[in-house]
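The values are calculated or read from the model by the stated rules, or taken from the named source; none is laboratory data. A quick note: this is a predicted structure, and the numbers were derived from the prediction, not measured. No Cβ is skipped: glycine too gets one built from the backbone with ideal geometry, and neighbour counts run over all protein chains shown.
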Amino acid sequence: MHLPRIIPCLDVRHGRVVKGVNFLDLIDSGDPVELATAYATQGADELVWLDIVATVEDLELATDLIRRARAGVDVPLTVGGGIRSIRQVEALLEAGADKVSINSQALAQPNLISAVARRWGSQCMVVAIDAQREGDHWQVFSHGGRTRTPWTLKAWLERAEGEGAGEFLLTSMDADGTRQGYDLAMLNYARAIVHRPLIASGGAGNIDDLEDALRHGHDALLLASILHQGDTTLPQIKSELRNRGVSVRWPI
């Protein structure tokens with residue numbers, strides 16, 4: 001039976017995990033290597049590591065940190081942020097990433113998606129998307145939510161899937177960090193467009209939000225604030241979901 005994935009997200013800025021609200025007001029949440037190891041030990045199904053300033057500040061990828069994290073992590077690891085070339089993808093995979101997540105550069109150069117998919121397989125290519133509601137549609141933004149692109153969510157999902165995206169990491173800029181629940185309207189809309197797996201991101205505040213998303217058919221959930229701020233733990237989340245009749249990967 002296909003079981004949902006519970007995926008902690010590490011938003012990394014200058015070597016530290018941070019978290020904010022609507023992509024703003026970032027606060028320090030700890031050491032990324034320590035947190036990655038802890039979450040893997042606690043029962044994370046996968047981990048996502050995103051350098052949120054590498055693109056904006058044109059920084060080199062911190063492959064040394066990825067190697068250190070890989071040494072303590074035995075679950076799939078997706079790494080993104082600042083990826084601009086096949087060479088950088090190769091460096092991250094050699095450092096221990098299982099998949100790469102590309103956002104801004106994919107928008108600027110869609111054939112990078114197909115280049116990665118051809119060389120390492122679609123399962124390696126995660127297209128990250130930051131989108132915000134505008135009237136009757138959702139608009140796609142790049143550079144950590146700073147730059148509005150010409151792409152609507154529908155058009156970009158279709159293009160990226162056509163280029164060979166194996167998975168989508170879809171973050172609601174409206175819900176991000178608010179802890180008011182996932183943007184199910186946006187997520188449901190996106191899932192009806194694409195055939196590839198979709199990771200729901202932005203807004204999880206409690207177990208009810210996770211259960212709600214899972215019962216709506218979303219089977220991969222990204223978590224950040226509720227874990228980093230110590231409100232709950234992965235064992236508590238999985239145990240409570242099981243108690244509510246929601247199947248999750250077990251044992252932890």
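Before moving on, here are some points about what is shown:
Okay, residues lined up against (1) farther than 18 Å from V89 by Cβ; (2) under 16 Å from the mean Cα position of the chain (by Cα); (3) in a strand (DSSP E or B):
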site	(1), (2), (3)
Q123	no, yes, no
A128	no, yes, yes
T149	yes, no, yes
K154	yes, no, no
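- Test: residue in region 83-94 that is touching a strand residue (DSSP E or B) at 6+ places or on another chain (Cβ under 8 Å), among the charged types (D, E, K, R) and either at pLDDT 95 or above or crowded, with 23+ Cβ neighbours inside 10 Å (or both): no
- Long-range neighbours under 6 Å by Cβ, at least six apart or interchain, first residue of a type in the set (D, E) within region 129-147, second in a strand (DSSP E or B): D130/F141; D130/T171
- Strands (runs of 3 or more DSSP E) within region 1-67 that include 2 or more residues modelled with pLDDT under 75: 16-21, 24-30
- Filtering V248, V194 for residues that are modelled with pLDDT of 95 or more, in a loop (DSSP other than H, G, I, E, B) and farther than 26 Å from V18 by Cβ leaves a single hit, V194.
- So V79, is it in a strand (DSSP E or B), free of Cβ contacts under 8 Å to residues at least 40 places away in the same chain and closer than 17 Å to F168 by Cα: yes
- Output for region 130-146, where each listed residue is buried (at least 18 other Cβ atoms within 10 Å of the Cβ) and more than 17 Å from the chain's Cα centre (by Cα): W138, Q139
Matching residues to (1) among the hydrophobic types (A, V, I, L, M, F, W, C); (2) surrounded by 17 or more Cβ atoms within 10 Å (Cβ to Cβ); (3) within 18 Å of the chain's Cα centre (by Cα):
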| residue | (1), (2), (3) |
| --- | --- |
| G162 | no, no, no |
| T178 | no, no, yes |
| N188 | no, no, yes |
| L198 | yes, yes, yes |
| A213 | yes, yes, yes |
| H218 | no, yes, yes |
| G245 | no, no, no |
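- Qualifying residue in region 41-53 (condition: surrounded by 19 or more Cβ atoms within 10 Å (Cβ to Cβ), free of Cβ contacts under 8 Å to residues at least 60 places away in the same chain and of a type in the set (F, W, Y)): yes
- Residue list for region 220-234, filter: assigned to a loop (DSSP other than H, G, I, E, B) and buried (at least 22 other Cβ atoms within 10 Å of the Cβ): A224
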